[in-house]
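Structure first, commentary second.
Only the coordinates and a few stated rules stand behind these numbers; no lab work does. Values in this document were obtained by computation on a predicted structure and should not be read as measured data. Quick reminder, even Gly has a Cβ in these numbers, built from the backbone with ideal geometry, and neighbours come from all protein chains shown.
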Amino acid sequence: MAQQDWKKRLKADPTDWLLEESDPGVRYLALRDIADGDEKEVKAARAKAHRERPIAVILDNMNPAGYWIAAGSVYANKCRGPVWSVISLAELGATVEEDKRVGVACDYIIKNSLLKSGQFSPGRIPNNMGLCLQGNMLISLPELGCKDKRLETAYEYAARRVTGEGLPQKVNMEGLGEGKGVSGPFRYINYPAKSGFICRTNKGLPCGWEAAKVLLAFANLPGEKRTEQINKAIDIGVNFFLSGDPSKAEFPGHRGGAPDIRWWQFQFPSFWGADILQIAEALTKLGYGQNPRLSNTIDLILSKQNEQGRWPLEWIDHSHKMWVKYGTLGKPNKWVTLRALRVLKRAAEY
């Protein structure tokens, strides 16, 4: 589809706003993903984005060993620790190709969080936590250019947690079950059988935030790299969101019977929560952009655009704790606008 065709439903085209030189980070991603800039132009914009805020601020605060704030933990300090900084860098378009410190950070996360079983664990011990951390790392590390072969095991682990197939109930400290070459000591892990995103912190109900993260991680994975288990997990995730109307959050798992209001509040960056825009990001990447069951979601996204063609920042997770500010709550926001345009462009292409 020609570039101008997918913009016909917009109230106004905000592309020039996103391409302003004053915001090199947004400009780089807008050139790459929205304006289809030529390779030389995009490469120059990428280099500039890495030299300036917000990418430069985050990387300049990184310890040369690959962590932020304190060594040993990947999860704490929320918003500024290793996990959260890596998530931020990935959403900002940082890449190991442009700055080797990105690769150091990826290596630190893998060394201090990824078990041999494939589980990402904040305490580096096996557990039956939900898959939000797993999904976030499988979104972020590949986006940053991490090509570590151990991520293949992490994808497979995530898929089996969704399908409930082949999960050991008794594991060693690397999360591996009894079998050849596996030594103790062992501990029992009570994985929810055939959970389909059940999370203990959601009172044993399915977690939509978890589902959005994991489905987006699988959606980013090229088709030829998806195993049988991954394809099964994708089917479960698609059915989870499209069994009802995603624009109304009609998927299971809402504590108290009512969906969390944050589903309708578009955010940046996407940390532990998720919004309906992230559901659309995953489903459009999987080719459901023209599916009638997603049409109300596309309409919802379009409805949030103002007369200048811009989307507001509607939710901020602890902005005072982040390395940089990404905008003012309730005001038009370039990062959220970029997210919305990506979805609308991709929806029109499939």
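Given the rule -39500 (n - 2.57) for each run of at least 4 DSSP H residues, summed and divided by the residues of the chain, what is its mean residue ellipticity at 222 nm, to the nearest 500 deg cm²/dmol?
When only DSSP H runs of four or more count, the value is -12500 deg cm²/dmol.
Run the simple label-point estimate for residue 272 and residue 69 please: 7 Å along Cα→C-beta, distance reported in nm.
1.1 nm
Given springs between every Cα pair under 10 Å in a Gaussian network model of the chain, which of 43, 285, 180 has the largest fluctuation?
Of 43, 285, 180, the Gaussian network model singles out 180 as fluctuating most.
Among 107, 60, 38, whose mean-square fluctuation peaks in a Gaussian network model of the chain (Cα, cutoff 10 Å)?
For the chain, modelled as a Gaussian network with Cα springs under 10 Å, the answer is 38.
Under the √(5λ) rule applied to the eigenvalues of the Cα gyration tensor, what semi-axes describe the equivalent ellipsoid of the range 1-95? Give them in Å, descending.
In descending order the semi-axes read 32, 15, 11 Å.
Quick test of the membrane-span-like rule: which DSSP H helices of the chain reach at least 15 Å along their long axis (C-alpha atoms) with mean Kyte hydropathy at least 0.5?
Once both thresholds are applied, what remains is 132-143, 208-220.
Please report the net charge: other residues with Cβ closer than 11 Å to the Cβ of residue 54, K and R +1, D and E -1.
-2
Quick check: pseudo-label points 7 Å beyond the Cα along Cα→Cβ at residue 170 and residue 227, how many nm apart are they?
With each label point 7 Å from Cα toward Cβ, the separation is 2.3 nm.
So for the range 5-349, taking the charge dipole from beta-carbon charges (+1 Lys/Arg, -1 Asp/Glu), which of 59, 130, 24 sits furthest toward the positive end?
Of the listed residues, the answer is 130.
Would you mind working out the magnitude of the charge dipole of the chain relative to its Cα centre, with +1 at each Lys and Arg C-beta and -1 at each Asp and Glu C-beta, to the nearest 20 Debye?
Roughly 820 debye, rounded to the nearest 20.
Among 104, 169, 115, whose Cα lies farthest out toward the positive end of the dipole of the range 59-188, if unit charges sit on the beta carbon of Lys, Arg (+1) and Asp, Glu (-1)?
Farthest along the dipole direction, towards plus: 169.
Using a basic spin-label model with each label point 7 Å from the Cα along Cα→Cβ, how many nm lie between residue 5 and residue 306?
Spacing of the two 7 Å Cα→Cβ label points: 3.2 nm.
Would you please give the FRET efficiency between residue 128 and residue 12, computed as 1/(1 + (r/R0)^6) with r the Cβ-Cβ distance and R0 = 51 Å, to the nearest 0.05?
The pair residue 128/residue 12 has a calculated efficiency of 0.60.
Where is the GNM fluctuation largest for the chain (alpha-carbon springs, 10 angstrom cutoff): 91, 314, 21?
21
Can you put 324, 74 in order, fewest other beta carbons within 10 Å first?
The most exposed by this proxy come first: 324, 74.
List, in the order given, every pair from 78/304; 11/304; 11/40; 111/147 whose Cα-Cα distance in the structure shown is over 19 Å.
78/304; 11/40
In the chain, with Lys and Arg counted as +1 and Asp and Glu as -1 at Cβ, which of these residues, 79, 14, 188, has the Cα nearest the positive end of the dipole, that is, farthest along it?
Farthest along the dipole direction, towards plus: 188.
Between the range 230-286 and the range 38-107, how far is it from one alpha carbon centroid to the other, in angstrom?
27 Å
For the range 172-188, what does the Karplus curve 6.51 cos²θ - 1.76 cosθ + 1.60, with θ = phi - 60°, yield as ³J(HN,Hα) per residue in whole Hz, taken in order and with x for Gly and Pro?
Each residue's phi maps through the Karplus curve to give 8, 6, 9, x, 8, x, 4, x, 4, x, 10, 10, x, x, 10, 9, 8 Hz.
Report the relative contact order of the range 5-349, percent, no decimals, based on alpha-carbon pairs under 8 angstrom and at least 6 residues apart.
Relative contact order for the range 5-349 comes out at 17 percent.
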